[in-house]
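Reading through the structure tokens given below for one structure.
Rule-based calculations on the coordinates, nothing more; no lab input. Treat the numbers as computed from the prediction; the structure is a model and nothing was measured. Neighbour counts run over all protein chains shown; Cβ positions are idealised from the backbone, glycine included.
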Amino acid sequence: MSNAIITLANVFREAGYNPPDKIEVDCETFHKLLAEAMELYNIDSKNAPVARKFSIAYTIAIVEQKQQ
């Protein structure tokens, strides 16, 4: 999942555009991405679950959508 997001960012760059700097996801997706990113990257495992936000490879911030 996180590899797909990084690939998406690279496609933007290769096309001469800036990639999105933030992606909002639902709670389930947030937890899946966070679990995967904690294994692959140096993610602050204490702050990310509390802040409901983390960066993948310092490229794109993944943010949990606010409950309405």
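So, restricting to helices (runs of 4 or more DSSP H) that lie completely within the chain, which ones have at least 1 residues that are touching a residue at least 24 places away in the same chain (Cβ under 8 Å)? Talk me through it step by step, then tell me what you get.
Details: elements: 2-14, 27-40, 47-51.
Fully inside the chain and qualifying: 2-14, 27-40.
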key: Out of PRO19, PRO49, sole residue that is surrounded by 13 or more Cβ atoms within 10 Å (Cβ to Cβ) and touching a Lys or Arg at 6+ places or on another chain (Cβ under 7 Å)   = PRO19
Of residues in the stretch 15-53 being out of contact with any helix residue (DSSP H, G or I) (no Cβ under 8 Å at 6 or more places or on another chain) and among the acidic types (Asp, Glu), the one farthest from ILE5 (Cα to Cα) = ASP44
query = Only one residue in GLU28, GLU24, GLU64, GLU14 is acidic (Asp, Glu) and surrounded by 15 or more Cβ atoms within 10 Å (Cβ to Cβ), so which one is that?
reply = GLU64
